[in-house]
2 protein chains.
Amino acid sequence: MKFCSNCGHAVSRRIPPDDNRERDVCDNCGAIHYENPRNVVGTVPVLEDKVLLCKRAIEPRYGYWTLPAGFMELGETTTQGAARETLEESGAHVEVGELFTVLNVPHVHQVHLFYLAKMLAPDFAPSEESLEVKLVAEAGIPWQELAFPTIHHTLKLFFQDRAEGRLGDGRPRVHQLDINRPMRLAAPAANLDGAASPSSASAPAYGA
Amino acid sequence: MKFCSNCGHAVSRRIPPDDNRERDVCDNCGAIHYENPRNVVGTVPVLEDKVLLCKRAIEPRYGYWTLPAGFMELGETTTQGAARETLEESGAHVEVGELFTVLNVPHVHQVHLFYLAKMLAPDFAPSEESLEVKLVAEAGIPWQELAFPTIHHTLKLFFQDRAEGRLGDGRPRVHQLDINRPMRLAAPAANLDGAASPSSASAPAYGA
C-alpha cells in the first residue's frame, strides 16, 4: 500500500499508538490500514464413491486439477462461500456438510477450509473457471497433476478417513495442517512432494 | 474505499472482467481492490477445572468479559495467532490444542475460531487490553457480562462437552455456528440473549 484509500495521501509505515506492529498509517487523515489473512473455502463434493474435480482454466496452475474452492466474500459464511465456489467452478449443487480440513498457508497469508459435501445430482459442467469437470474414483485421482498442496492433503485425508470408516459416523475428525513450504511451482507431472503453492499472496493469486 | 492504495487516484465501483461482483477498481492503474472477511482467533485457556477470562480494557464492549482473542495477522497460522492473542491479552502462556468452535459472523465480515488450550502455569496478568484477568469455574462465569455472542457460545459448548465427557478423548467435536443477529449492543447486565455483536465491521472493532 502506497496511498491512503480513505483520502488519497501517501501513507507511512509505522507502529500506531496502542499497537505492537507496523501498519500503513495515513499522516493526513489518521486512517490505519490493517491487512489480514484471507480464507479460501471449498468442498470435497461426493457422489457415491467418487469426488468431483475441476481442471483449472485460470492462473495460477492453469490446467492442473483442484477441488472447487476460492476466496470467501464479504457478507457470507464459510459454508455459503464453499457452496458458491462449488457451483461457480463445477456447476454442481451440493449440500455442505461437516468441516473437514483447516489448512494454514502462512507464506501466502491464507487459510484454506474444506467441507465435506454431498452432490444433490450428477450434474456438473465446465465453466469460465474450469476447463473440465469430472467425477473421479480414488484410483483415478491425478495425484501428479493437482494444483495445490492443500488439495493434495485434503484428498489424501479424505480417502484415508473413508478407508478407516471415519466419515460415516456423522462426526468426522477435522484435520488441521500448516503448510510452511516456500512458494515454488512444480513442473507438470513433477513429484507430488514438489507440488505447488499458490504463486502469489495477492487476492487474485488463488483464483477467486 | 475512495482512493486507489496503489496510485492514489479515485476508484470506481464496478464488476471487473472475469468477475461476478462489484469491486473497487482503479481507472488509472487498473488495480482491483478485493475485500474479504477477517479471522478472529482465540483460545479457551484451561487450568484444572477453570477457564481464563479477560475483562476488556478497550472498546467495543469495554468492561465486559471475554476469552482472549483478536484478529489474525499476516504471516501467522491460526494457532500461532490464538497463542499470541492469549499472551497479549492475558499474560498466559498456553499450549494450543484442538480447534473447538468456528463461528461465522457475516454481518461484521468475521469468522471466529477458538481453540482449546492448556495453561502451562497459573501465570497471568492484566495488560493494556485487559483491566482484569481471572481463572473462573463454571459456576462463576459472568454470563450476563460477556462481551460477544461468540464468547457465550464457545463457553456454553465447552462446559456442555466437558459435562458429557467429550473433551478428554483427544478428539473433541468442532462446533460450527452462524451468528446472524444484527449489530446491537446490550446494556450492562442485559439478558444474555440480547448480548452484543461487535459494534462495527472495521478492523479495530473487535480489538486487534
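Rounded to the nearest 10 degrees, what's the angle between the helix A:149-163 long axis and the longest principal axis of chain A, both from Cα atoms, 0 to 90?
With both axes taken from Cα atoms, the answer is about 40 degrees.
Taking loop as defined by DSSP and a crowding limit of 13 other beta carbons within 10 Å, which chymotrypsin sites (Phe, Trp or Tyr not before Pro) in segment B:55-162 fit?
Details: sites: B:Tyr62, B:Tyr64, B:Trp65, B:Phe71, B:Phe100, B:Phe114, B:Tyr115, B:Phe124, B:Trp143, B:Phe158, B:Phe159; in loops: B:Tyr62, B:Tyr64, B:Phe124.
For chymotrypsin sites (Phe, Trp or Tyr not before Pro) across segment B:55-162 that sit outside H, G, I, E and B with at most 13 neighbouring Cβ atoms in 10 Å, the list reads B:Tyr62.
Note the count of lysine pairs whose C-alpha atoms are less than 21 angstrom apart in the protein assembly as shown, limited to pairs 8 or more residues apart or on different chains.
The result is 19.
Considering only DSSP beta bridges with both partners in chain B, what is the antiparallel share in %, to the nearest 5?
If I count the DSSP bridges inside chain B, around 65 percent turn out antiparallel.
Dipole size in debye (nearest 20) for the protein assembly as shown around its Cα centre, Lys and Arg Cβ +1, Asp and Glu Cβ -1?
140 debye
Quick one: compute the contact order of chain A, relative version, from alpha carbon pairs under 8 angstrom and 6+ residues apart, as a percent.
Working: 440 pairs, mean separation 42.4, N = 208.
For chain A, the relative contact order is 20 percent.
What is the angle, in °, between the Cα long axis of helix B:78-90 and the longest principal axis of the Cα atoms in chain B? Nearest 10 is fine, range 0 to 90.
Approximately 60 degrees, to the nearest 10.
Where does each of B:Lys156, A:Lys2, B:Lys55 land when they are ranked from fewest to most other beta-carbon atoms within 10 angstrom?
A:Lys2, B:Lys156, B:Lys55
Projecting each Cα onto the charge dipole of segment B:1-136 (Lys/Arg +1, Asp/Glu -1 at the beta carbon, about the Cα centre), which of B:Leu87, B:Phe3, B:Tyr62 comes out farthest on the positive side?
Working it through, the farthest residue towards the positive pole turns out to be B:Phe3.
Hey, fewest Cβ within 10 Å first, where do A:Leu53, B:Leu47 land in order?
Listed from fewest to most nearby Cβ atoms, that is B:Leu47, A:Leu53.
Averaging over every viewing direction, what projected area does the convex hull of the Cα atoms of the protein assembly as shown cover, in nm²?
If you wrap the Cα atoms of the protein assembly as shown in a convex hull and average its projections, you get 20.4 nm².
In chain A, which cysteines lack any other cysteine Cβ under 4.7 Å from their own?
Here A:Cys54 come out as lacking a disulfide-compatible partner, given the Cβ-Cβ threshold of under 4.7 Å.
Since every read-out is calculated from the coordinates, none of them should be taken as a lab result. A quick note: this is a predicted structure, and the numbers were derived from the prediction, not measured. FYI the Cβ positions are ideal-geometry reconstructions off the backbone, even for glycines, and counts take in every protein chain you see.
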